[in-house]
Amino acid sequence: MRSVLPSFICKFKAILFDLDGVVVDSDFLHEEAKKAALIHYHFEITKIDWEKIKHHATSQIYQWLGEHYPDIKFSEKEFMGFKSQYFLKFASSKIKLMPGALVFIKYLKKRGD
């Protein structure tokens, strides 16, 4: 394989990646898991409210729920736990590598041998 990387990259001893959006695309599954948690705990969020909160961390969504629905009967830990379990259950079957990620990682591994 012909090198398409700038020569300065070949001098590094390690390269760190931000996983989501660089190596894999998992944003959609995080959103799906948040929706599943809301459904599990019997919340029907309007589309307008969902658009406001969908990109927030799960803990922030729980806080938002507490502000808008003060009679919550479950803890933040339970809510976050359900969301995490859902995400992990489907991660291996639904999350895909970003285009070119595997080729690039293999290239770096080969360069490091």
* Partners for Lys13 among lysines (Cα-Cα distance below 25 Å; same-chain residues under 8 apart left out) -> Lys106, Lys109, Lys110
* Taking only C-alpha pairs under 8 Å that are 6+ residues apart, what is the relative contact order of segment 24-112 in percent? -> 50 percent
* To do: Counting helices only, and only those DSSP H runs with n ≥ 4, report the 222 nm mean residue ellipticity of the chain as the sum of -39,500 (n - 2.57) divided by its residues, in deg cm²/dmol to the nearest 500.
  => -17500 deg cm²/dmol
* **Distant-in-sequence amide H partners of Asp25 (H built 1.01 Å from N, under 5 Å)** => Lys96, Met98
* Please give the FRET efficiency for Phe28 paired with Lys73, using the beta carbon to beta carbon distance and R0 = 22 Å, rounded to the nearest 0.05. => 0.15
* Asked: Where does helix 27-40 land angle-wise versus the long Cα axis of the chain, in degrees 0 to 90, nearest 10?
  -> 20 degrees
* Asked: With each label point set 7 Å from Cα along the Cα-Cβ vector, what nm distance links Ala57 and Leu19?
  -> 1.6 nm
* Structure fact -> Going fewest to most other Cβ atoms within 10 Å around each Cβ, Ser84, Ser93 line up as Ser93, Ser84
* To do: Could you calculate the contour length gain from Met98 to Lys35, that is, 0.36 nm times the residue separation minus the distance between their Cα atoms, to one decimal place in nm?
  => 20.3 nm
* Asked: If you work out Rg/Rh (Cα atoms, Kirkwood Rh) from the coordinates, which of (1) 1.38; (2) 1.16; (3) 1.27 do you get?
  -> (2)
* Spacing of the two label points (7 Å from each Cα toward its C-beta) at Leu108 and Lys47, in nm -> 4.0 nm
* To do: Any chance you could give the angle, 0 to 90 degrees and rounded to 10, that helix 58-68 forms with the longest Cα principal axis of the chain?
  => 20 degrees
* In debye, nearest 20, what is the charge dipole magnitude of the chain about its Cα centre with +1 on Lys and Arg Cβ and -1 on Asp and Glu Cβ, if you could check? => 900 debye
* Structure fact -> A correct Karplus calculation of ³J(HN,Hα) over segment 75-86, with 6.51 cos²θ - 1.76 cosθ + 1.60, θ = phi - 60°, whole Hz and x for Gly and Pro, returns 8, 4, 4, 5, 4, 5, x, 4, 4, 5, 4, 4
* Just tell me which lysines come within less than 30 Å, Cα to Cα, of Lys83; anything on the same chain fewer than 8 places away is out. => Lys34, Lys35, Lys47, Lys52, Lys54, Lys73, Lys94, Lys96
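Each value in this text was obtained by applying a stated rule to the coordinates, not by laboratory testing. Remember, predicted model here, so these are calculated numbers, not experimental data. Note that we place each Cβ from the backbone using ideal geometry, even for glycine, and neighbour counts take in every protein chain shown.
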